[in-house]
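For reference, the structure is listed below as structure tokens.
The values are calculated or read from the model by the stated rules, or taken from the named source; none is laboratory data. Everything quoted here is computed from the prediction, not taken from an experiment. FYI the Cβ positions are ideal-geometry reconstructions off the backbone, even for glycines, and counts take in every protein chain you see.
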Amino acid sequence: MGSKELQLALAAIGHSFYSRNWVLGTSGNFSAVVSAEPLRLVITPSGAHKGQLSGDEFLEIDGDAAVVRGSGKPSAETLLHLEIVRARGAGAVLHTHSVWSTILSDLHANAGGLEVEGFEMLKGLDGITTHAHREWVPILENDQDMTRLAAVVRSTLTKVPGAHAFLLRRHGLYTWGRTLAEAERHVEILEFLLEATGRMKEHSHGPRHDS
């Protein structure tokens with residue numbers, strides 16, 4: 001896809017994710033690779049409402065996070081997108097702020113991550129062919145210092161090469177794909193898995209009504 005096609009596709013994803021309550025308000029951010037050499041990404045600007053994107057708001061940035069096309073300020077988390085693209089060879093990076101990703105990222109933070117196993121939907125993740133797969137989703141402490149957080153992301157992706165995503169504590173989900181379509185699918189799969197996991201835990205710890 002060209003730059004304009006990617007922007008329109010990302011805008012459509014924003015509308016879809018907003019309708020599912022995954023990027024309410026101005027939360028979340030999306031990017032896609034326009035060129036690998038030199039590295040160029042289109043990315044949502046800071047403060048953009050993802051349910052109202054037209055495609056014209058997107059900025060194009062280089063590998064140093066400098067804006068090379070468009071006006072405005074790129075997402076505050078641009079450095080995280082660049083780290084993921086470099087570490088995973090990703091063609092797109094999508095970040096959501098769903099209720100379940102936020103809750104589970106806090107409940108499992110002390111364990112350093114969340115293990116998901118036994119769900120048929122795991123087969124929707126790239127390279128996974130069986131429901132018996134055990135997916136480890138690392139949980140990173142949130143940090144407003146993006147340079148420092150980017151270094152943690154880089155280290156985590158190196159330590160957990162099989163991870164398809166990570167969570168930021170009380171913040172949300174980051175995932176990616178070789179293509180934008182794959183990244184979108186990963187969000188849908190992972191958000192399903194997070195909600196299913198959360199609801200199962202909620203049910204198993206809920207009040208008992210023995211007769």
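Taking the stretch 14-45 as the range and being surrounded by fewer than 24 Cβ atoms within 10 Å (Cβ to Cβ), in a loop (DSSP other than H, G, I, E, B) and among the hydrophobic types (A, V, I, L, M, F, W, C) as the test, only L24 passes.
Would you confirm, using the coordinates I've provided, whether R178 is touching a helix residue (DSSP H, G or I) at 6+ places or on another chain (Cβ under 8 Å) and not acidic (D, E)? Before the answer, list the steps.
On the way: touching a helix residue (DSSP H, G or I) at 6+ places or on another chain (Cβ under 8 Å): no; not acidic (D, E): yes.
Here the answer is no, as R178 does not meet what is asked.
When residues in the stretch 155-179 are screened for being touching a residue at least 12 places away in the same chain (Cβ under 8 Å), farther than 26 Å from G118 by Cβ and more than 15 Å from the chain's Cα centre (by Cα), 1 of them pass.
Pick out the one residue from G72, G91 that is in contact with a helix residue (DSSP H, G or I) (Cβ under 8 Å, 6 or more places away or on another chain) and either surrounded by fewer than 17 Cβ atoms within 10 Å (Cβ to Cβ) or not charged (D, E, K, R) (or both).
Working: G72 fails: in contact with a helix residue (DSSP H, G or I) (Cβ under 8 Å, 6 or more places away or on another chain).
It is G91.
The single condition among (1) in contact with a helix residue (DSSP H, G or I) (Cβ under 8 Å, 6 or more places away or on another chain); (2) surrounded by fewer than 19 Cβ atoms within 10 Å (Cβ to Cβ); (3) modelled with pLDDT of 95 or more that D106 does not satisfy is (1). Of all the numbered requirements in (1) over 26 Å from G89 (Cβ atoms); (2) touching a helix residue (DSSP H, G or I) at 6+ places or on another chain (Cβ under 9 Å); (3) not hydrophobic (A, V, I, L, M, F, W, C); (4) not in a helix (DSSP H, G or I), T129 misses one, and that requirement is (1).
Go through the residues of the stretch 179-193 one by one and say whether even a single one is under 19 Å from R20 (Cβ atoms) and in a loop (DSSP other than H, G, I, E, B). Reasoning before the result, please.
As a first pass, look at the stretch 179-193 and keep what is under 19 Å from R20 (Cβ atoms): 180-193.
When the remaining residues are screened for being in a loop (DSSP other than H, G, I, E, B), the result is none.
Scanning the stretch 179-193, I find no residue that is under 19 Å from R20 (Cβ atoms) and in a loop (DSSP other than H, G, I, E, B), so the answer is no.
Just one residue in the set A11, A76, A48, A90 is free of Cβ contacts under 8 Å to residues at least 60 places away in the same chain, aliphatic (A, V, I, L, M) and assigned to a loop (DSSP other than H, G, I, E, B); that residue is A48.
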